[in-house]
Amino acid sequence: MFNNKNKHLFYIFIAIFLFSFLTNLYCGTTGKLAGVVSDKNTNELLIGVNIMIIGTTMGAASDINGNYFIINIPPGVYEIKASLMGYASTIIQNVRISVDQTTKINFKLSEEAVALGDVVVTAEKLMVRKDLTSTEAKVSGDQIALLPLEDVQSVVNLQAGVVNGHFRGGRQNEVKYLIDGVSVNDAFSGTSTLEAEISTIEEVQVLTGTFNAEYGEALSGVVNQITKIAGDKFFGAISFYAGDYVSSRTDVYSNINNISPTDITNIQGSFSGPVPGLKKLLKFNVSGRYFSNNGYLYGKREFNPSDSSDFSANDPNDWYIGATGDNKFVPMNFNERYILQGKLAIKVGSGKGIVLSALFQNRDYKDYNHNFQLNPDGDYQKFLKSFLLSASYTHILSNAAFIDFIGSRFETNYNQYVYENPLDSRYVNPDRLRDAGNNAFLTGGTENWHFSHITTTYTGKSDLTWQINNIHQIKTGVEFQYHDLEYEDFQIVIDASTGNTPTLPSPGAFNYNTYKANPYQIAAYIQDKIELDYLIVNFGLRFDYFEPDGKYLKDPNNIAVLDQLQPPFPDSLMESAISKSQFSPRLGISYPITDNGAIHISYGHFFQIPPFEYLYRNPNFRIPLTGNFPENIGNTIGNTNLEPQQTIMYEIGLQQALTTDFGITLTGYYKDIRNLLSTEIHIKNNFKKFSKLINLDYGFVKGITFTIEKRFTNYYSVNLDYTFQVAKGNASDPNDAFNNAQANPPIETNKQLVPLDWDRTHSLNIIVTAGVPGNFIASFISQLGSGLPYTPSLQNQRTGLENSDNKPTYFNLDLYLIKYFEMFSKQASVFLKVYNLFDTANEQEVFGDTGRAGYTLELTRAQEKPRGVNTIQEFYTRPDFYSPPRQIILGASFAF
């Protein structure tokens, strides 16, 4: 790290100079095919054999030692043909190429006098990947289509070591999500805001181990979604389904017995092929999906937001209840979205040519808020739009080298409000939110804040892959990212003296925050994949550089001075944030111990800039002394000088094939996590506590995964994985220190490591698929896990250490049945999916005094009537504490 801006610029120049002649960070989207060609009878190595991928222009010739390789192959299933004068041509079918993987295919050719015509062989997928130097899972689109899965995140959560999006004990925003090698993480929140649709997926690559140097800005894992490319023939597909939640637990879920087959609806379609008249030049792929789910958590509109009630009298008979609602049930965790995706491939040269891609998603949704159960229209609605545009070009230098160039624009637009117009007359005085007392549902009122952020990331990068010889493959690159961040939050002010007319505060006030920032990042890497018969080594070095755009408060204890000033504040109080950088080495080694087994070890350093919302929060540094504000508004200030978060990972693993279709994998891992976000406590005017974001939290993770795989033969397949994991840290959330300080009485900050909120000690996933492909398939996914930790408490006071007890065990079983048949000479199907087949009541949240979701000691006070319209039993019935009930959907599809 440097302390002088001139040194920063010099550092950048040197890094770019070293890598510019090689270039990128265009994360892997292609694979490699390699092998040896020999005479079947004499085992003599054959030179000059033509190896071609049928249906493409890709190919190679064997060298003097019989070796060949073909690089830059998009993932998919291919037929490979080997031909040589005097020998019968051999075709190997069903060869799967995967991202960042070397697929070994050896040919043994027979003399033409011995064999007539082409020799056709079906390739068998090897149980052991000898070039695997860290944990990686690859799930093809064909595999996904046979399982009860609805989106990419559900595919990810099935992988060993992943718990609800947390990779090996890390926080959720420590994972980088890619679509065709382009990042779709929102720089503001750090989380993915866009994903490819299941029907468009060719392959999903999930990296949970010490991934290579080409992957950056991730502490815990990488998810790479590779979408399909169009073929030479037209192909289309449409599918639809409908369903609802079906459960007998009417004591927990309101309106669950009102079954409507259209509460969950899905319609999607795709069409691809060559552009008519230009089939050798242009190919296209377009798809779309509309999805709507009313959810399973309902409120009842007994009150409208404008209603006013009075529960101040001691005698409930004297209470005034001003309910004007229509008593209809209203969905409170609905989710509606539509997605449009297109790809146009322009054939230029012998490579992939130019590929133009666009992906748009619009999502409207609501998160359940228990307090609004009788006033559901007064709570926030949320709106998310994401738009990705990218253009890539592959330039072939030779059969052994190619360069990828890519430019992209990714925008995330998030809004949260009750009514879109902030001056809407339906906004009411916030006093309505205080009409009811404790343990009572709200009987009126609206949430009176608007939140909005627009993050636009422009990326330019290129990548060189160079197969120097049969042993060394060099990959190197450079990337530049420029971020345009716009943020706004404000409170709708209702003044009774002006007739309760909504007004807006002045920008820059404590209840009107707005800012713009333009940070940028530069990264470069170089790595060498060394492939020997007895050893495979992946060694790489990555450089990351971040230039923040902002200033931070020198001394937070002087924050009261700023109340008398307007931004921009004087330099005597502010300091410009300095740039951050790091070199991160990565090393992975695979040692084949037999033809059917391999051991790998890996080690790496990882670097990630904190989400921008933590850097630029509360840019006006306003800390009001009174009033109630949403979480993180008015009580926390950001810090543009935050350090990068860092992880060091270690891993050792064993792959062993027991038979040709049965294998096991055993992996052990350890992570040391530093510089995680936390808060430090300050006091304004000697009584008002507030916090500043800093790098303080730390933790460690250790675990073992064990996988058994039986590939699909004899009409069935089985995949079982078990994970034992311990994930501990001093805090699970960056705001824990401030929340503890705000408690009454204050809670002492942890001085020892405690289990993290997502620390599931034992996890077991079982996937079984059976049937006859093309006729009938049945599959199920079963998940069993020990309960997540919780903190014992009584009447909001801790009775034990943080996360010192565990919630009940988790169990879930999903079922998928599909029947194929022919319609108009095309394939059609009908299918049934049942999620949570046994309607298991998994307790995701619990009451601290009992450790259960269905009972709390507060119910012993049932004789105490809350100051509201509900009973205490009704208030403590928490449907949101449980996982979703049984969901049944029925649908059909047609391919043409």
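The values are calculated or read from the model by the stated rules, or taken from the named source; none is laboratory data. Just so it is clear, the model here is predicted, and its values are computed rather than measured. All Cβ positions, glycine included, derive from the backbone under ideal geometry; neighbour counts span all protein chains shown. The protein model used for the area step is the full one, side chains on, heavy atoms only, and it has no ligands, DNA or RNA in it. Shrake-Rupley method; radii C 1.70, N 1.55, O 1.52, S 1.80 Å.
Listed values, structure above:
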item: Yes/no for residue 325 being more than 30 Å from residue 838 (Cα to Cα), in contact with a Leu (Cβ under 8 Å, 6 or more places away or on another chain) and in a loop (DSSP other than H, G, I, E, B); result: yes
item: Test result for residue 534, modelled with pLDDT of 90 or more and more than 25 Å from residue 622 (Cβ to Cβ); result: yes
item: Answer residue from the stretch 466-477, given it is open to solvent by 10 Å² or more (accessible area, probe 1.4 Å) and assigned to a strand (DSSP E or B) and is farthest from residue 426 (Cα to Cα) among those; result: 472
item: Criterion: closer than 24 Å to residue 238 by Cα and either of a type in the set (Phe, Trp, Tyr) or modelled with pLDDT of 95 or more (or both) - qualifying residue of 291, 383; result: 291
item: Condition broken by residue 57, with the remaining ones in (1) part of a loop (DSSP other than H, G, I, E, B); (2) free of Cβ contacts under 8 Å to residues at least 40 places away in the same chain satisfied; result: (2)
item: Residue selected from the stretch 759-793 under the condition within 16 Å of residue 851 (Cα to Cα) and hydroxyl-bearing (Ser, Thr, Tyr), by the criterion surrounded by the most Cβ atoms within 10 Å (Cβ to Cβ); result: 790
item: Residue match in the stretch 120-127 (condition: open to solvent by 50 Å² or more (accessible area, probe 1.4 Å), farther than 30 Å from residue 87 by Cα and not in a strand (DSSP E or B)); result: no
item: Those residues of the stretch 280-305 which are of a type in the set (D, E, K, R) and either touching a strand residue (DSSP E or B) at 6+ places or on another chain (Cβ under 8 Å) or buried (at least 22 other Cβ atoms within 10 Å of the Cβ) (or both), in sequence order; result: 280, 283, 289, 300, 301
item: Some residue of the stretch 167-179 being of a type in the set (A, V, I, L, M), in contact with a Leu (Cβ under 7 Å, 6 or more places away or on another chain) and either under 24 Å from residue 237 (Cα atoms) or modelled with pLDDT under 95 (or both); result: yes
item: Odd one out for residue 697 among (1) within 17 Å of residue 764 (Cα to Cα); (2) free of Cβ contacts under 8 Å to residues at least 60 places away in the same chain; (3) buried (at least 18 other Cβ atoms within 10 Å of the Cβ); result: (1)
item: Leading residue by the ranking (farthest from residue 587 (Cα to Cα)) among those in the stretch 214-243 that are open to solvent by 10 Å² or more (accessible area, probe 1.4 Å), among the small types (Gly, Ala, Ser) and at pLDDT 95 or above; result: 242
item: Residue selected from the stretch 611-634 under the condition within 29 Å of the chain's Cα centre (by Cα) and among the polar types (S, T, N, Q), by the criterion surrounded by the fewest Cβ atoms within 10 Å (Cβ to Cβ); result: 632
item: Which numbered condition residue 404 fails, given (1) assigned to a loop (DSSP other than H, G, I, E, B); (2) open to solvent by less than 20 Å² (accessible area, probe 1.4 Å); result: (1)
item: Residue in the stretch 813-835 that is farthest from residue 781 (Cα to Cα), counting only those that are open to solvent by 20 Å² or more (accessible area, probe 1.4 Å) and hydroxyl-bearing (Ser, Thr, Tyr); result: 825
item: In the stretch 700-723, the residues that are more than 27 Å from the chain's Cα centre (by Cα), touching a residue at least 40 places away in the same chain (Cβ under 8 Å) and open to solvent by 50 Å² or more (accessible area, probe 1.4 Å); result: 712, 715, 716
item: Restricting the stretch 863-877 to residues that are out of contact with any Ser or Thr (no Cβ under 7 Å at 6 or more places or on another chain) and assigned to a loop (DSSP other than H, G, I, E, B), the residue that is most open to solvent (accessible area, probe 1.4 Å); result: 863
item: Tally of residues being within 27 Å of the chain's Cα centre (by Cα), open to solvent by 30 Å² or more (accessible area, probe 1.4 Å) and either of a type in the set (A, V, I, L, M) or closer than 23 Å to residue 151 by Cα (or both) across the stretch 836-854; result: 4
item: Number of positions in the stretch 522-573 that are assigned to a loop (DSSP other than H, G, I, E, B), under 22 Å from residue 693 (Cβ atoms) and in contact with a Ser or Thr (Cβ under 9 Å, 6 or more places away or on another chain); result: 4
item: Tally of residues being closer than 22 Å to residue 500 by Cβ and either among the β-branched types (Val, Ile, Thr) or open to solvent by 50 Å² or more (accessible area, probe 1.4 Å) (or both) across the stretch 309-339; result: 6
item: Pairs, first within 30 Å of residue 604 (Cα to Cα) in the stretch 674-686, second outside any strand (DSSP E or B) and among the acidic types (Asp, Glu), C-beta under 6 Å, six or more apart; result: 675/643
item: So residue 488, is it of a type outside the set (Val, Ile, Thr), assigned to a strand (DSSP E or B) and open to solvent by 40 Å² or more (accessible area, probe 1.4 Å); result: yes
item: The stretch 856-896, residues that are touching a residue at least 40 places away in the same chain (Cβ under 8 Å) and among the hydroxyl-bearing types (Ser, Thr, Tyr); result: 876, 877, 882, 883, 893
item: Test: residue in the stretch 507-528 that is over 30 Å from residue 581 (Cα atoms), open to solvent by 50 Å² or more (accessible area, probe 1.4 Å) and either out of contact with any Lys or Arg (no Cβ under 7 Å at 6 or more places or on another chain) or of a type in the set (D, E, K, R) (or both); result: yes
item: Pairs where the first residue, in the stretch 731-755, is free of Cβ contacts under 8 Å to residues at least 24 places away in the same chain and the second is open to solvent by 30 Å² or more (accessible area, probe 1.4 Å), C-beta under 6 Å, 6+ apart; result: 740/747; 740/749
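Rundown of residues vs (1) at pLDDT 90 or above; (2) assigned to a strand (DSSP E or B); (3) within 28 Å of the chain's Cα centre (by Cα); (4) surrounded by fewer than 19 Cβ atoms within 10 Å (Cβ to Cβ), yes/no style:
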| site | (1), (2), (3), (4) |
| --- | --- |
| 70 | yes, yes, no, no |
| 82 | yes, yes, no, no |
| 92 | yes, yes, no, no |
| 108 | yes, yes, no, yes |
| 114 | no, no, no, yes |
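Per-residue answers, yes or no, for (1) modelled with pLDDT of 90 or more; (2) within 18 Å of residue 137 (Cα to Cα); (3) among the aliphatic types (A, V, I, L, M); (4) assigned to a strand (DSSP E or B):
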| site | (1), (2), (3), (4) |
| --- | --- |
| 723 | yes, yes, no, yes |
| 728 | yes, no, no, yes |
| 748 | no, no, no, no |
| 764 | yes, yes, yes, yes |
